[in-house]
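*Asks:* Mind having a look at this structure? Questions to follow.
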Amino acid sequence: MSLKIQTLSGYFHEYQKSVLNPEAFWERIADTFHWKKRWDKVVEWNFEEPKIEWFVNGKLNITENMLDRYLYTAGDRTAIIWEPNDPSEEVRKITYRELFDMVNQFSNTLRANGVGKGDRVIIYMPMVPEAAVAMIACARIGAIHSVVFAGFSSNALADRINDCKAKMVITSDGNFRGAKTIEVKKVVDEALEKTETIEKMIVLKRTGTEVTMQNGRDIWWHDAIKGHEGEAQAESMDAEDMLFILYTSGSTGKPKGVVHTTGGYMVYTYFSFLNVFQYKTGDVFWCSADIGWITGHSYIIYGPLLAGASIVMFEGVPTYPNPGRFWEVVDKHQVNEFYTAPTAIRALQAFGQEPLEPFKLDSLRVLGTVGEPINEEAWHWYHDHVGKGKCPIVDTWWQTETGGILVSPIAGITPTKPSYATLPLPGIQPVIVDNEGRELRGNSVEGNLCIKYPWPGMLRTTYGDHERCKQTYFSSFNGYYFTGDGVKRDEDGYYRILGRVDDVINVSGHRMGTAEVENAINEHPRVIESAVVGYPHNIKGQGIYAFVIADLDDRTVQNLTNEIKVTVNNIIGPIARPDKVQIVPGLPKTRSGKIMRRILRKIASGDTDNFGDTSTLLDPDVVDKIMEGAREIDQ
Ligand code: PRX
């Protein structure tokens, strides 16, 4: 039987089977892969510890299922179509055979540089094929990659290196991003001043930016790979051996290293990719995310390459050299499935239809979105003007922790509704609970989104701190994995994600912990205390609003707010830079000292009515003063 759902009744049928007998359901999919040794048991789990194991005692190498598998049957098929930042630079097309050779050569290179099974390798690179090669080569030799988005600051990079005690960094001299050239190696050099575990750095020449190479530590990629051609034996990995660590923000100050393992992640990314996008062999699939995020891991690299897909990898940004760039790339490479973020859609929508006009866009069959709720207006614009009314939109809900898409339409099969992620994929058992943890059954209910049964792609732990994993995801509601999202199930049983219910904000589809931003702000010597909230932002979905108590000293408000923005920029990176900073005389606190963020969120969003009961505040007058200041900021 095909693994691909073909009809709506087929979906319901598979869904039912997956709930009645999850083991048989997943086993059938896992059986389509090459295992060095078959598993003894499909799943063992409890959500109390939590302990989650899939394909227990199975042995495999995920890269054999991505590359070796296609070598003889489809070696000449294009694996990666690389579209450079500058459209006048040459496109690179890499076949499965070429990718196999590049990965093997780089695997040998890693081994020759002392990297082996279980070692952690940081990848801090631009969107170039070598970044994919680096990830896959790590997987081939059993090293654990941790990709860090190359927009993070040296501090953020150093924190991640230290947390996972990485042995190697793979980076580039610089990155091209739109009209800018970013000196990346310099950021890594700065980070390494705050770390002690890195033995080697491999540096890809990309921009020709001048760099200093430290003798004995830094090696150019092109020198490092010399003489390392030839097949690299694929390490035999346990299904539960770590594949990668990916850091993500949470409601506490420090980002956590979400751990994904080999066997389950392979099965889940493949299955979800094939079904959600209804990928057909020969199609060209383009996911515009960066490999620094989970979307890039699961739907640029692992899912598609496991399915033998041809993918577009895009180095640039949607608006460079003009706001027609996405559409130009779609036509140029005849993209069939296009997957992007609502924030990109809204940014392009702001330029109107004109940038779309020169392009046919007739290769497109499926459109996807991910990362944040998509507003109806953006949904319709995407549907009508990009998809010309003929492409189904898959609004895919998932998280770094879930490894792959959990709630989404099956393209062309599940009837869609704007702004609804619709229905769970087979194997996913969502539940909605109230704040006391009681399951809300039936339709037309709203509450906290939890999942009650494991799926192969879910996180296993948070690196080096299992207790944190337990506290964050498995302790809020007994017996469930808690997503941190609010959700509504409507009268048709369709799911609509309402946004985070914790102190996490979603800026342009990127998760940001308010505490993390506050910690960065508080590093400024004049800052006494700060509170950060999200507010509705036309393009970004949510913007960052910081209320700050500070000692101005000899600075003007303007100077200080700018300095605060720069501080956050330096400590975390440009993505965390507050959009608005308001210097306030105090914060609305309860008598026990808790900041009433609800009030701040209302002020930040311009909603000045109905603050509810403020009599319990230590200083109720402070609310009026903050409101007054907020009006000035908006002017
Ligand atoms: O709040 C949800 C939102 O993004 C969060 C996960 O962020 P991250 O781990 O960075 O992963 C993003 C890419 C998978 C979720 O908790 N989110 C993600 N997809 C959607 C969404 N909110 C609404 N609709 C979506 N389709």
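*Asks:* What order, most packed first, do the peptides 365-377, 258-270, 172-184 have when packing is the mean number of other Cβ atoms within 10 Å of each residue?
*Replies:* Averaged packing, sorted descending, gives the order 258-270, 365-377, 172-184.
*Asks:* Which order do 508, 530 take when ranked by solvent-accessible area (1.4 Å probe, heavy atoms of all protein chains), largest first?
*Replies:* 508, 530
*Asks:* While we're looking at this one, here's another question. For the residue pair residue 3 and residue 194, what label-to-label distance in nm results when each label sits 7 Å from Cα along the Cα-to-beta-carbon direction?
*Replies:* In this crude label model, residue 3 to residue 194 measures out at 4.2 nm.
*Asks:* Filter the trypsin sites (Lys or Arg not before Pro) in the range 279-347 down to the DSSP loop ones having no more than 11 other Cβ atoms within 10 Å, then list what survives.
*Replies:* Those that pass, being in a loop and sparsely packed, number zero.
*Asks:* Under a crude label model (7 Å from the Cα following the beta-carbon direction), how far is residue 117 from residue 616 in nanometres?
*Replies:* 5.5 nm
*Asks:* Follow-up question, since we're still on this one. Can you tell me how much longer the chain between residue 281 and residue 631 gets when fully stretched, taken as 0.36 nm per residue apart minus their C-alpha distance, in nm with one decimal?
*Replies:* 120.4 nm
*Asks:* Further question: Here are some pairs, 488/602; 540/602; 117/185; 390/452; which of them have Cα atoms lying more than 29 Å apart in this structure?
*Replies:* Result: 390/452 exceed 29 Å.
*Asks:* Taking 30 Å as R0, compute the FRET efficiency from the Cβ-Cβ separation of residue 231 and residue 180 and round it to 0.05.
*Replies:* FRET efficiency, residue 231 to residue 180: 0.15.
*Asks:* Counting each DSSP H run of 4 or more residues in the chain as -39500 (n - 2.57), what helix-only mean residue ellipticity at 222 nm follows after dividing by all residues, to the nearest 500 deg cm²/dmol?
*Replies:* Per the formula, -8000 deg cm²/dmol.
*Asks:* Over the alpha carbons of the range 508-634, what is the largest minus smallest coordinate on each principal axis, giving the biggest first in Å?
*Replies:* Principal-axis extents of the Cα atoms in the range 508-634, largest first: 39, 36, 28 Å.
*Asks:* Related question: Gain in length, residue 334 to residue 37, computed as 0.36 nm per residue apart minus the alpha-carbon separation, to one decimal in nm?
*Replies:* Taking residue 334 through residue 37 to full extension adds about 103.0 nm, to one decimal.
*Asks:* Compute, for residue 420, the solvent-accessible surface of its heavy atoms (probe 1.4 Å) with the complete set of protein chains present, and express it in square angstrom to the nearest 10.
*Replies:* 20 Å²
*Asks:* While we're on this one: What distance in nm separates the simple spin-label points at residue 223 and residue 559, each placed 7 Å from Cα in the Cβ direction?
*Replies:* 4.6 nm
*Asks:* Continuing with the same structure: Can you give the charge dipole size of the chain about its Cα centre, rounded to the nearest 20 debye, using +1 on the beta carbon of Lys and Arg and -1 on the beta carbon of Asp and Glu?
*Replies:* Approximately 920 debye in magnitude.
*Asks:* When the solvent-accessible surface of protein heavy atoms is calculated with a 1.4 angstrom probe, in what order do 20, 8, 618 fall, highest first?
*Replies:* From most exposed to least exposed: 20, 618, 8.
*Asks:* What fraction, in whole percent, of alpha-carbon pairs in the chain exceed 49 Å separation?
*Replies:* Distances greater than 49 Å cover 9 percent of the Cα pairs.
*Asks:* Alpha carbon centre of the range 43-122 versus the range 167-212: separation in Å?
*Replies:* Comparing the Cα centres of the range 43-122 and the range 167-212, I get a distance of 22 Å.
*Asks:* Carbon and sulfur together cover what percent of the accessible area of the chain at a 1.4 Å probe radius?
*Replies:* Taking all protein chains in place, the chain shows 47 percent carbon and sulfur surface.
*Asks:* On to the next question. Find the accessible area per residue for the range 508-634; the probe is 1.4 Å, ligands and nucleic acids are left out, and the unit is Å².
*Replies:* 47 Å²
*Asks:* Another one. Can you say what percent of the DSSP beta bridges in the chain, counting only those with both residues inside, are antiparallel? Round to 5.
*Replies:* The antiparallel proportion sits near 60 percent.
*Asks:* Quote the FRET efficiency, to the nearest 0.05, computed for residue 20 versus residue 362 with a Förster distance R0 of 41 Å and r equal to the Cβ-Cβ distance.
*Replies:* That gives a FRET efficiency of 0.45.
*Asks:* Another question, if that's okay. How do 60, 498 stack up against each other in accessible area, from largest to smallest, with a 1.4 angstrom probe?
*Replies:* Order by accessible area, largest first: 498, 60.
*Asks:* Please give the per residue accessible area of the range 347-426, computed with a probe of 1.4 Å over protein heavy atoms only, in Å².
*Replies:* Here the residues of the range 347-426 average 33 Å² of exposed surface.
*Asks:* To continue, here is another question. If the reach is capped at under 12 angstrom between alpha carbons, list the aspartates and glutamates near residue 167, excluding any in the same chain fewer than eight residues apart.
*Replies:* 119, 196, 199
*Asks:* Within 10 Å of each candidate Cβ there may be at most 10 other Cβ atoms; applying that plus a DSSP loop requirement, which trypsin sites (Lys or Arg not before Pro) in the range 439-474 survive?
*Replies:* 441
*Asks:* Pulled fully out, how much extra length does the chain show between residue 388 and residue 13, if you take 0.36 nm times their separation in residues and subtract their Cα-Cα distance?
*Replies:* 131.9 nm
*Asks:* Mind grabbing the accessible area of residue 615 for me, 1.4 Å probe, Å², rounded to tens?
*Replies:* Approximately 70 Å² for this residue.
The values are calculated or read from the model by the stated rules, or taken from the named source; none is laboratory data. Computed from a predicted structure; not experimentally measured. Every residue, glycine as well, gets a Cβ built from its backbone with ideal geometry; the counts of neighbours run over all protein chains shown. Only protein heavy atoms, including side chains, enter the accessible area calculation; ligands, DNA and RNA are left aside. Shrake-Rupley method; radii C 1.70, N 1.55, O 1.52, S 1.80 Å.
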